[in-house]
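See below for the structure under consideration.
The values are calculated or read from the model by the stated rules, or taken from the named source; none is laboratory data. Keep in mind that this is a model prediction, so the values were computed, not measured. Neighbour counts are summed over all protein chains in view; Cβ atoms, including those assigned to glycine, are modelled from backbone coordinates with ideal geometry. Heads up: the accessible areas ignore ligands, DNA and RNA and are worked out on the full protein's heavy atoms, side chains in. Shrake-Rupley method; radii C 1.70, N 1.55, O 1.52, S 1.80 Å.
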Protein chains: 2
Amino acid sequence: MAKKTTKKEKPVILITNDDGVTAPGIKALVEAVAHLGKIVVVAPDKPQSGMGHAITIGHPLRMHAVHLFDGVEAYQCSGTPVDCVKLAVDKVLHRKPDICLSGINHGANHSINVIYSGTMSAALEAAIESIPSIGFSLLDYSIEADFTGAKQYAAILVEHLLKKKYDKHLCLNVNIPAIKAELIKGIKVCKQAYAKYEEKFEERKDPHGKQYYWLTGDFVNFDTSKDTDEWALKHNYVSVVPVQFDLTNYALRQKLISPLTKLS
Amino acid sequence: MAKKTTKKEKPVILITNDDGVTAPGIKALVEAVAHLGKIVVVAPDKPQSGMGHAITIGHPLRMHAVHLFDGVEAYQCSGTPVDCVKLAVDKVLHRKPDICLSGINHGANHSINVIYSGTMSAALEAAIESIPSIGFSLLDYSIEADFTGAKQYAAILVEHLLKKKYDKHLCLNVNIPAIKAELIKGIKVCKQAYAKYEEKFEERKDPHGKQYYWLTGDFVNFDTSKDTDEWALKHNYVSVVPVQFDLTNYALRQKLISPLTKLS
């Protein structure tokens, strides 16, 4: 007989990130939602920013318990943020958590960043596995960042989503402006802006005279509409973009069905 | 004065992959489209399967010319497939190519694989940068795979897309069934199936008695509709899924605007 879940059982909240288990941002997230459920942390053992939806298939993973959060079961994993979610479900929780949270990221993940972000890829992985999820990112890359406002909004959103079951594949990309908590104007539910990096690789020579390249670039916004995350953040709102893992471009599909089918 | 492009100038075709520059699949792709333009190859110097949309920000990149393809300018890069596209545009081509091709991947990238795949992430990166792109994958993981059918369909599709400018952000996920070329029934323009891995990590002990985990799992199809890539491939068609980098879930956004805005 399956275990009966009583009404008073605390929801299980899985927390991960991409800045690594020792980053202040994940500590802030644990503190923000500790009162809302049983927290379990499984996070990378080193920074994994920009890892996107990478998974580790060519070599094995390590995972160790760590004592970094007061009274909270926590593990560091040698893999990517997506690996952490997979490993947490299969080997730590042995069940799906009620919600998966990722972050709070030290730095922005609005607009196109959602694609490169380990923070958001971990959240999206949870959504693929039918676990509602939220990725949180603060627009401040500093290790000393002030997470006060981000923590307030994380608590509000997680409490709401634990009560309201909108969709088992729900995944929210939440960005918080880097301003004092009392200056945040509220929440805007947005679309992803078309704003992206214009890359410039910096060429250098190593001490042996051999060339190498550093990825650098300028972030450019090509999207002037007012319903985007870019706009919301510039105007001191918390931006919330619901994201999905079905990448099908349905409009383009309609356009291509006839000409491409004829090719064969 | 800007260089005038004459009608007779050959289109520039950038080719990359995630199996590495020495994989038979990329050689097959170069051969398949060599007659259609000026080919330039920039591909990883080692296998990068499952790297998703990862980029290299924590350390620098190396890039070296290689002589692997008859009369074709080619480079191997120490980074991810997405890094290869960025580096190719900025440091090799010094312009956007007319089209970017990725593959031919040794193994399937239909349904949810599009998210984990380095092959498809390279193609999607090109689309983000306003370069039309196609990722090709053959449903055969073997190094000895027969690319005959895949090459035929790659040539047909690339020739068509060089003539017809559908969309500067066009990105196609093309999968080819692992059957004899003459048994392929044609092209189906599909949507991405909801089919995914059910992970099981295999636990082992190293020679020092310490635990480690290998990612394994079963691929399960939850989607029985006939307009998916899963269906097309099972019925011996080449599947073509147009994919996009705007991850906004617009339907869920409409549902959430009112309740989440009220929270703030």
For the stretch A:169-264, what relative contact order do you get, as a whole percent, if you take Cα pairs closer than 8 Å and at least 6 residues apart?
39
Restrict the search to the stretch A:145-225; then list the trypsin sites (Lys or Arg not before Pro) that DSSP places in a loop and that have at most 13 other Cβ atoms within 10 Å of their Cβ.
A:164, A:165, A:168, A:180, A:185, A:210
Rounded to the nearest 0.05, what FRET efficiency do residue A:148 and residue A:66 have when you use their Cβ-Cβ distance and R0 = 25 Å?
0.50
So, with +1 on the Cβ of K and R and -1 on the Cβ of D and E, and no other charges, what is the size of the charge dipole of the stretch A:68-208 about its Cα centre, to the nearest 20 debye?
600
Applying the Karplus parametrisation 6.51 cos²θ - 1.76 cosθ + 1.60 with θ = phi - 60° to the phi angles of the stretch A:176-190, what ³J(HN,Hα) value in whole Hz is obtained for each residue in order, glycine and proline being reported as x?
10, x, 8, 9, 4, 3, 6, 8, 5, 7, x, 10, 10, 8, 10
Relative contact order %, chain B, counting alpha carbon pairs below 8 Å whose residues are six or more apart
17
Enumerate the aspartates and glutamates that residue B:188 could reach by cross-link, defined here as Cα to Cα under 16 Å, with residues fewer than 8 away along the same chain left out.
B:227, B:229, B:230
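Between chains A and B, what is the buried accessible area summed over both chains (1.4 Å probe, protein heavy atoms, nearest 100 Å²)?
7500
What size of dipole, in debye to the nearest 20, comes out for the stretch B:32-136 about its Cα centre when the only charges are +1 on Lys and Arg C-beta atoms and -1 on Asp and Glu C-beta atoms?
Values: 7 positive and 8 negative charges, 20 e Å.
In debye, rounded to 20, the stretch B:32-136 gives about 100.
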Hits among aspartates and glutamates - C-alpha to C-alpha of residue A:200 under 14 Å, sequence gap 8 or more where chains match:
A:218, B:83, B:90, B:129
Set the bar at 23 Å for Cα to Cα. Now go through A:255/B:180; B:86/B:168; B:165/B:234 and name every pair that lies beyond it.
A:255/B:180; B:165/B:234
Please give the net charge around residue B:156, taking every other residue with its beta carbon less than 13 angstrom from that of residue B:156, where Lys and Arg add +1 and Asp and Glu add -1.
+3
Protection proxy ranking of B:253-264, A:62-73 - average other beta-carbon atoms within 10 Å, highest first
B:253-264, A:62-73
Looking at this model, which pairs from B:8/B:91; A:185/B:96; A:38/B:46 are more than 30 angstrom apart at the alpha-carbon?
A:185/B:96; A:38/B:46
Share of accessible surface on carbon and sulfur in chain B, whole %, 1.4 Å probe and ligands ignored, is 53
Per residue accessible area in Å² of the stretch A:26-138, where ligands, DNA and RNA are left out and the probe is 1.4 Å:
28
Residue farthest toward the positive end of the dipole of chain A, with Cβ of Lys/Arg at +1 and Asp/Glu at -1: which of A:99, A:237, A:193?
A:99
Gaussian network model of chain A, springs between alpha carbon atoms under 10 Å - residue of A:119, A:228, A:16 with greatest fluctuation:
A:228
Farthest positive-ward along chain B dipole, Cα basis, beta-carbon charges - from B:40, B:66, B:139
B:40
Answer with one residue from B:150, B:79, B:89: the one whose Cα lies farthest towards the positive end of the charge dipole of the stretch B:51-173, charges on Cβ with Lys, Arg +1 and Asp, Glu -1.
B:89
Mean separation of Cα contacts under 8 Å (at least 6 apart) over the residue count of the stretch B:91-248, i.e. the relative contact order in percent, is 25
I need the chymotrypsin sites (Phe, Trp or Tyr not before Pro) found in the stretch A:94-179, filtered to DSSP loop residues with at most 13 other beta carbons within 10 Å of theirs.
A:141
Charge dipole (debye, nearest 20) of the protein assembly as shown; +1 at Cβ of Lys and Arg, -1 at Cβ of Asp and Glu:
1260
Förster radius 25 Å - calculated FRET efficiency between residue B:236 and residue B:164, Cβ distance, rounded to 0.05:
0.45
